[in-house]
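Scroll down for the structure; my scribbles are underneath it.
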Amino acid sequence: MSGDPLVMLCTCDIAGQVRGKAIPLRALERRREIGVGWTPTNLMITAHGAIAPSPWGSRGDLYLRPDLETLVRVELGEERVVSFALADVMELDGRPWSCCPRGFLKRAVAALDERGLRLRAAFEQEFALLGVEERPNSPYNLDAFRRQGWFGERFFAALREAGIEPDTFMPEYGPAQYEVTIHHAEALRAADQAVQLREIARAAAESLGLRATFTPVLRPDAVGNGVHVHFSLMDRDGRPCNFDPARPFGLSATAEAFLEGIRRHLRPLCALTAAAVTSYLRLVPNRWSAAWTNVGHQDREAAVRICPVFRPGSEASALHFEYRAADAAASPHLLLGAVIWAGLSGLDAEARLPTVTTRDPADMSEEQRARHDIRRLPTSLAEALDELESCTPLREAMGETFHQVYLAHKRFEVELLAELDPLRQCERYALLY
Ligand code: GLU
Ligand code: MG
């Protein structure tokens, strides 16, 4: 297609929505430092359009400063072009804005670095391809693979062109559900890529007359679309430090403390990582998502899973973990940042896991669960937000203002949807994600 190429400078916001302003691509270099103007209250625009009560009102100015490393420009057939770069939200004096989700992750990465650690991650994402005929018996089925037509190939080509290395693509268990995995990257890049991948998937689908939705749950009775964050810790030189053969499950003391920091804060974390009203239709037992505050060994229902190592002998480099209580209603930056901040609190406390589960917590007695501090994850967004409100480590990590506006935004969203039954809620979110 011919035209004046545009590029949108965007932030992935509290609502997990990608918003910004477009400029001519040729002006990008000139805008590298000055970016484009932005407004604090934009952060209060919910995924549903309505704007949550904003402490800033119509006042204040910020700007979006693009990170040119995140520039994606991919054409998908004649029909669609994905052209955007991610940006940091900045104060006019050039300081990062305290409520920028990407800034929140950057601060978490810096705090990790102060402890001599780095984190690599890979986001595994599920989505529904609307327009692909639903049939039972689809999971992993070649027939379901064929029915998505050219989507997978077009999608993978576009990912590669965007500098993202795809790994696997498969039909999943849910209605018209597919899953994509990509290679791991440093924390910030991994979160950037999660945003980029969703946009590319949506565009690839649209270019073929389909629609990709990353909504947490397509229908109340269906399994959900999870976002599983695979992660591992490394020292400053990039040497993995998750494994210690002398310790239970091969978990190094560092990894164990980090995992326990996450585990202890799972209930408030959900407010940030499973951030839709319908997220809680997914986080129930027997849906292969996550339902309890547990770290489980090779268990796909654990909130945090210790993943298998496929080649014996490669534990030192391959042992890694997976945060499963997340979905695409969360900004990937906020999600990964929150997981890191929670992990850091465990590191600082030299925390120890009460147990690593090897069986379903649902089969344990109440007393056994209590002994291991295994609790249900919140059963609603409202409950998760109450947990976040009283969580000191996450409040401190977010900073007072960000913590407050996040709660205000999401509580407003809870109210907005309160009148709708779960089916209508699912329909609403399916349009938005
Ligand atoms: N669909 C499941 C979820 O909601 C995940 C299935 C799997 O990949 O283990 O998280
Ligand atoms: Mg899956």
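For the structure I just gave you, tell me whether GLY49 is surrounded by 14 or more Cβ atoms within 10 Å (Cβ to Cβ) and of a type in the set (Gly, Ala, Ser). No; evaluated as a whole, the condition is false for this residue. Somewhere in segment 48-62, is a residue free of Cβ contacts under 8 Å to residues at least 60 places away in the same chain, in a helix (DSSP H, G or I), out of contact with any Lys or Arg (no Cβ under 6 Å at 6 or more places or on another chain) and of a type outside the set (D, E, K, R)? Among the residues of segment 48-62, not one is free of Cβ contacts under 8 Å to residues at least 60 places away in the same chain, in a helix (DSSP H, G or I), out of contact with any Lys or Arg (no Cβ under 6 Å at 6 or more places or on another chain) and of a type outside the set (D, E, K, R), which makes the answer no. Residues that are closer than 21 Å to ARG102 by Cβ, of a type in the set (D, E, K, R) and without any contact (Cβ under 8 Å) to a residue 40 or more places away in the chain within segment 16-28 comprise just one, ARG19.
The residue list ASP93, ASP88 contains one member that is assigned to a loop (DSSP other than H, G, I, E, B), under 19 Å from LEU62 (Cα atoms) and modelled with pLDDT of 95 or more, which is ASP93.
As a summary of the residue check, ARG73 satisfies the conditions (1) open to solvent by 10 Å² or more (accessible area, probe 1.4 Å); (2) modelled with pLDDT under 95 except for the one numbered (2). When SER207 is tested against the conditions (1) touching a residue at least 40 places away in the same chain (Cβ under 8 Å); (2) out of contact with any Pro (no Cβ under 7 Å at 6 or more places or on another chain); (3) under 30 Å from ALA362 (Cβ atoms); (4) open to solvent by 10 Å² or more (accessible area, probe 1.4 Å), the lone failure is (3).
Could you say whether any residue in segment 149-160 is away from ligand 2 (no atom under 16 Å from the Cβ), charged (D, E, K, R) and at pLDDT below 95? No, segment 149-160 contains no residue that is away from ligand 2 (no atom under 16 Å from the Cβ), charged (D, E, K, R) and at pLDDT below 95.
In segment 283-341, of all residues being within 16 Å of ligand 2 (Cβ to nearest atom) and acidic (Asp, Glu), the one that is modelled with the lowest pLDDT corresponds to ASP299.
Among the residues of segment 155-170, is there at least one that is among the basic types (Lys, Arg) and within 19 Å of the chain's Cα centre (by Cα)? Within segment 155-170, none of the residues are among the basic types (Lys, Arg) and within 19 Å of the chain's Cα centre (by Cα).
Residues are listed down the side, and each one gets a yes or a no for (1) more than 30 Å from GLY60 (Cα to Cα); (2) acidic (Asp, Glu):
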site: PRO101; (1), (2): no, no
site: PHE104; (1), (2): no, no
site: ARG120; (1), (2): yes, no
site: LEU130; (1), (2): yes, no
site: ARG146; (1), (2): yes, no
site: TRP150; (1), (2): yes, no
site: GLU161; (1), (2): yes, yes
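Taken over segment 241-281, the criterion of being more than 20 Å from ALA342 (Cα to Cα) and polar (S, T, N, Q) is satisfied by THR278, SER279. Of all the listed residues (GLU133, GLU165), the sole one being among the acidic types (Asp, Glu), more than 16 Å from ligand 2 (Cβ to nearest atom), modelled with pLDDT of 95 or more and open to solvent by 10 Å² or more (accessible area, probe 1.4 Å) is GLU165. For first residues located in segment 400-423 and on the phi < 0 side of the Ramachandran plot, partners that are aromatic (Phe, Trp, Tyr) and lie 6+ apart or on another chain with Cβ distances below 8 Å form the pairs PHE402/PHE104.
Taken over segment 88-105, the residue count meeting the criterion of being of a type in the set (Lys, Arg) and surrounded by fewer than 18 Cβ atoms within 10 Å (Cβ to Cβ) is 1.
HIS230 satisfies every condition listed in (1) open to solvent by 30 Å² or more (accessible area, probe 1.4 Å); (2) not in a strand (DSSP E or B) except (2).
Looking across PRO66, PRO101, one residue alone is within 21 Å of the chain's Cα centre (by Cα), within 30 Å of PHE155 (Cα to Cα) and free of Cβ contacts under 8 Å to residues at least 60 places away in the same chain. It is PRO66. Within segment 15-24, the presence of at least one residue that is open to solvent by less than 50 Å² (accessible area, probe 1.4 Å), part of a strand (DSSP E or B) and within 23 Å of THR401 (Cβ to Cβ) is confirmed.
For segment 361-371, does any single residue satisfy the condition of being under 21 Å from GLY224 (Cβ atoms), crowded, with 21+ Cβ neighbours inside 10 Å and touching a residue at least 24 places away in the same chain (Cβ under 8 Å)? Checked segment 361-371: at least one residue is under 21 Å from GLY224 (Cβ atoms), crowded, with 21+ Cβ neighbours inside 10 Å and touching a residue at least 24 places away in the same chain (Cβ under 8 Å).
Scanning segment 146-159 for residues that are farther than 23 Å from ALA194 by Cβ and either open to solvent by 50 Å² or more (accessible area, probe 1.4 Å) or of a type in the set (Lys, Arg) (or both) returns ARG146, ARG147, TRP150.
Checking the condition open to solvent by less than 60 Å² (accessible area, probe 1.4 Å), touching a residue at least 40 places away in the same chain (Cβ under 8 Å), closer than 30 Å to GLN196 by Cα and within 16 Å of ligand 1 (Cβ to nearest atom), which residue from SER289, SER345 passes? None of the other options fit; the residue is SER289.
Listed conditions (1) of a type in the set (Val, Ile, Thr); (2) surrounded by 15 or more Cβ atoms within 10 Å (Cβ to Cβ); (3) over 21 Å from the mean Cα position of the chain (by Cα); (4) part of a helix (DSSP H, G or I) are all met by ILE374, apart from (4). In the set ALA329, ALA351, ALA338, which member is under 20 Å from THR392 (Cα atoms), part of a loop (DSSP other than H, G, I, E, B) and in contact with a helix residue (DSSP H, G or I) (Cβ under 8 Å, 6 or more places away or on another chain)? When all the criteria are applied, what remains is ALA351. Here THR401 clears all of (1) surrounded by 15 or more Cβ atoms within 10 Å (Cβ to Cβ); (2) touching a Ser or Thr at 6+ places or on another chain (Cβ under 7 Å) except the condition numbered (1).
The values are calculated or read from the model by the stated rules, or taken from the named source; none is laboratory data. Given the structure is predicted, the values throughout are model-derived calculations rather than measurements. Methodologically, a virtual Cβ is constructed for each residue, glycine included, from the backbone with ideal geometry; neighbour enumeration extends over all protein chains shown. Side chains are part of the model used for accessible areas, which takes the heavy atoms of the whole protein and leaves out ligands, DNA and RNA. Shrake-Rupley method; radii C 1.70, N 1.55, O 1.52, S 1.80 Å.
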